[in-house]
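Participant: Quick one: the structure is below, questions incoming.
The values are calculated or read from the model by the stated rules, or taken from the named source; none is laboratory data. Model, not experiment: these values are computed from the prediction. Reconstructed Cβ throughout: ideal geometry from the backbone, glycine too, with neighbour counts over all protein chains shown. The accessibility values were calculated without ligands, DNA or RNA, using every heavy atom of the protein model including side chains. Shrake-Rupley method; radii C 1.70, N 1.55, O 1.52, S 1.80 Å.
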Amino acid sequence: RRATDKEMRALASSTRLRILRVCREPRSNREIASAIGADPATTLHHVRRLVDTGFLAAQPVRRGTRGAREIPYLATGKSWQLSDPGASGMLLQTFIEEVALVPATEGNSSRLGLRLSAEGMTEFEDRLQALLDEFADRPEDLSAPAWSLFLALHPDPNRPA
């Protein structure tokens, strides 16, 4: 479904998008702040916004390493189910911030130019979405390394029709 204005505003922040990635497993605000290199107070502001809009869910209270009470947060997967036509720029900005933290030798990228009819393009997009959905629905192996994928599909300005 199409994202509401409130949901679009909540996702209009690379910090919040990074928090959602970090919270694919339960993380406390302190753990989130450490993972994204941000101040815990600033992180808490973003966490609350994501909780208020249903993108994060508070988990049962637990005791931290020093016995302090902490609330872990878990991404709900709601963002995967939304369509936001204006989100591409924020997703790209978030990707650039994240990939800048990875050594160049550890990434893998490729680029492909296509010329497809409207029917071929629809088939291509449907098959890509089905593949992404298939892997998104798989249970995570928490002992395996974590990977991130960014996929952008756009008209090619270098090869006009």
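Participant: Out of THR42, THR105, report the one residue that is more than 17 Å from THR15 (Cβ to Cβ), out of contact with any helix residue (DSSP H, G or I) (no Cβ under 6 Å at 6 or more places or on another chain) and in a helix (DSSP H, G or I).
Facilitator: Just a single option satisfies the conditions, and that option is THR105.
Participant: So how many residues does region 128-144 have that are under 18 Å from CYS23 (Cα atoms) and within 16 Å of the chain's Cα centre (by Cα)?
Facilitator: Residues meeting the conditions: 4.
Participant: A further question follows. Scan region 51-62 residue by residue and report those that are open to solvent by less than 70 Å² (accessible area, probe 1.4 Å) and more than 17 Å from the chain's Cα centre (by Cα).
Facilitator: ALA58, GLN59
Participant: Continuing with this model, one more query. Scanning region 137-161 for residues that are farther than 28 Å from GLY89 by Cα and either open to solvent by 100 Å² or more (accessible area, probe 1.4 Å) or aromatic (Phe, Trp, Tyr) (or both), which turns out modelled with the lowest pLDDT?
Facilitator: LEU142
Participant: Further question: Here are the criteria: (1) out of contact with any helix residue (DSSP H, G or I) (no Cβ under 8 Å at 6 or more places or on another chain); (2) open to solvent by 50 Å² or more (accessible area, probe 1.4 Å); (3) closer than 29 Å to GLU7 by Cα; (4) outside any loop (DSSP other than H, G, I, E, B). Tell me which single one LEU132 does not satisfy.
Facilitator: (2)
Participant: Restricting attention to region 63-85, and to residues there that are outside any loop (DSSP other than H, G, I, E, B) and exposed (fewer than 12 other Cβ atoms within 10 Å of the Cβ), which single residue is nearest to the chain's Cα centre (by Cα)?
Facilitator: For region 63-85, the residue satisfying everything is GLN81.
Participant: Suppose the filter is closer than 29 Å to LEU151 by Cα, open to solvent by 70 Å² or more (accessible area, probe 1.4 Å), under 17 Å from the mean Cα position of the chain (by Cα) and of a type outside the set (D, E, K, R); does SER88 pass it?
Facilitator: Judged against the criteria, SER88 is a match.
Participant: Restricting region 25-39 to residues that are open to solvent by 30 Å² or more (accessible area, probe 1.4 Å) and not in a helix (DSSP H, G or I), which is nearest to TRP147 (Cα to Cα)?
Facilitator: Only one residue tops the list, namely GLU25.
Participant: Within the set of pairs 6 or more residues apart or between chains, which connect a residue that is open to solvent by less than 70 Å² (accessible area, probe 1.4 Å) inside region 1-18 to a residue that is outside any helix (DSSP H, G or I) and not hydroxyl-bearing (Ser, Thr, Tyr) with Cβ atoms less than 6 Å apart?
Facilitator: As it stands, the answer is ALA3/LEU82; ALA3/ASP84; MET8/ASP84, since those pairs meet every condition given.
Participant: Let me ask something additional. Within region 119-126, does at least one residue satisfy the condition of being open to solvent by 90 Å² or more (accessible area, probe 1.4 Å), modelled with pLDDT of 85 or more and either touching a His at 6+ places or on another chain (Cβ under 7 Å) or β-branched (Val, Ile, Thr) (or both)?
Facilitator: No, region 119-126 contains no residue that is open to solvent by 90 Å² or more (accessible area, probe 1.4 Å), modelled with pLDDT of 85 or more and either touching a His at 6+ places or on another chain (Cβ under 7 Å) or β-branched (Val, Ile, Thr) (or both).
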